[in-house]
Amino acid sequence: MKRICPLSLVRFILILLAVVSVDGAAAETQDNIISSLNKSIQLKHWQIAKDPAPKEILKYPDSASWKPLVSSLENEKYSDGNWLIRTEIIIKDTINKETVLGLFPIYFFTAYEIYWDGIKIAQNGIIGISKTDEKAGLYNFNLPLPQRLVVTGKHTLTVRLSNYSDFTSWRWFYGGFLIGQYDSVLEKIYRSNYQAFFIIGIVFIPFLFNIFLYIARKRKTEHLLFSLICFLVIVDSGTLLVPNFIETPTTFVHWELFTWQTITVLFTALFPAFFIYAFSFSKKIIGAIIVIDLIIYLFFTNIVNIFDVMPPTVLILSSMITLWALYKRREESIIIFIGLIAAWAAYFFNFAFAGLATTMVICTSISIARQFARKETAEREALLRSAHLENELLKKNINPHFILNTLTSIIVWLRKDPNSAIKLIETLAEEFRMITQISALKLIPIQQEIDLCKAHLKIMSYRKGADYKIETMSIVEEENVPPMIFHTLIENGLTHGYENKMQGTFTLQRKKNSNSVQYILSNDGDFSSDEQKGSSGFGLRYIKSRLEENYPERWKLISQRQAQGWETIIEIRDK
């Protein structure tokens, strides 16, 4: 398969970004016209001039001193200092007396005064001529306009500001002002706060649930990634809500910028990475995704467009992965794909990050719930199979053939050596007692399993007049194992490797690796065929079922012939 170059993917994504980012700029309002028909507009067409006397009564510079102000990276020269900015507003018709117009600064972090037609109508903070002299205003600052000033015609809005508090790459001229119906704009602000509360409520439970899953269930990386994604969404919405609970200065914009930039970059990488793990694709793809994200972030974004570029980037990457999962018919890919369709719709309705996060968290949570339902069903079926095998194992160990042969041996020993016959009866009773006690348990101490194996070898030694024994190496007595797995292997080994051999040794050895434990059971029996697996048929099915019941997808069983005898390796991984 031909390998895809990350740069080619970057070019492809940038083309898609150019397509999805078309937002109808040509249809924007060309003038600052407010009427009874529109509820709010964002003011444009600003002009800027140096404030000639910041500490004195406002004096307007001459017309030649005013320059157009465009919110772009070219205006860094207007950052620090004292400035005047102005724009013209046209009130097209008579505003209903019951309607109050208001001014709403947006991400405008300086100290400033507001003038309407040369009349000072508000002040937020204290204008200064240095960082120590300036005092930032309040973040939540909204201004209802006096009814006497809101008359039909042309008006000049002037903002007198000082800026000596640049902490990040965000500058005051990236912000702006809304003008519109006061109650209507406030309702939009409150609605965005309600949405933030709603989003936090939705993702908080999946956040806790996936942390619990990561800790309690084999520490799967997808659970950790999903909890991190939920945490980022919570921090994103929580940052928006902070000014509603704490009196924050206008400079809080810098903290918002830092937080949202970090969240945006992390989210763009983590969400596709989560899909890689969820759909069990090659982890090498995550490296390519990180490279693509870094290339786009470092070379194709800036302070102005980062929040427009990164959301569609994560949507495009996630959609490509999910479409590939659909093609591969991976589980839950349909539900995730439906979530992505909803996320795309949220993006086009200007609800990008929150919409993407919310819809994907809901759909992914449904997917996880469905996986748990399937897993629970599989576990119930495994328990039923285990119970069935347990009953079959009891039948096998108490079958008439075994009892008849053992009773015949007892009769022989009674005639030959009554004391040995008594010991055989006692050992047989002890084995049956241990089997009935442990057969229903999921795990037992390994020493108890070894004692059961010794009892069985002792019985078989009496029956055949042989000498069978088990030796152990590096066994940790406190460790637990499924009941009768080594007993079953020894029983099968005796059946297939010691028919004509009156002496035999089984060796059980424990080996600890970096992320697993191995139990190696070997013997010195005579096996005539490579096809013999040491445990076949029912015995092997019982062992595999017990291992899967206790260590789902974390075990491996290898049974193979050795130069002298047979070896079975049971490996149990930590996670």
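The values are calculated or read from the model by the stated rules, or taken from the named source; none is laboratory data. Treat the numbers as computed from the prediction; the structure is a model and nothing was measured. Neighbour counts run over all protein chains shown; Cβ positions are idealised from the backbone, glycine included.
A few notes on this one:
- Search result, residues across the stretch 308-351 that are under 28 Å from S169 (Cα atoms) and at pLDDT 80 or above: D308, V309, M310, P311, P312, T313, V314, L315, I316, L317
- Residue list for the stretch 134-165, filter: in a loop (DSSP other than H, G, I, E, B) and more than 13 Å from N82 (Cα to Cα): A136, G137, Y139, N140, F141, N142, L145, P146, V150, V151, T152
- Residue within the stretch 457-475 that is of a type in the set (A, V, I, L, M, F, W, C), within 41 Å of the chain's Cα centre (by Cα) and closer than 21 Å to L547 by Cα present: yes
- Qualifying residue in the stretch 491-506 (condition: of a type in the set (D, E, K, R) and assigned to a strand (DSSP E or B)): no
- Subset of the stretch 240-259 (residues that are in contact (Cβ under 8 Å) with a residue 40 or more places away in the chain and in a loop (DSSP other than H, G, I, E, B)): E247, T248, T250, T251
- For the stretch 87-108, the criterion of a residue being farther than 29 Å from V151 by Cβ and part of a strand (DSSP E or B) is satisfied by no position.
- When residues in the stretch 430-472 are screened for being over 19 Å from G493 (Cα atoms) and part of a strand (DSSP E or B), 2 of them pass.
- Residue match in the stretch 231-240 (condition: aromatic (F, W, Y), closer than 30 Å to R329 by Cα and in the same structural domain as T313 (by TED's automatic domain parsing)): yes
- Check on T152, assigned by TED's automatic domain parsing to the domain that holds K92, modelled with pLDDT of 85 or more and over 30 Å from D51 (Cβ atoms): yes
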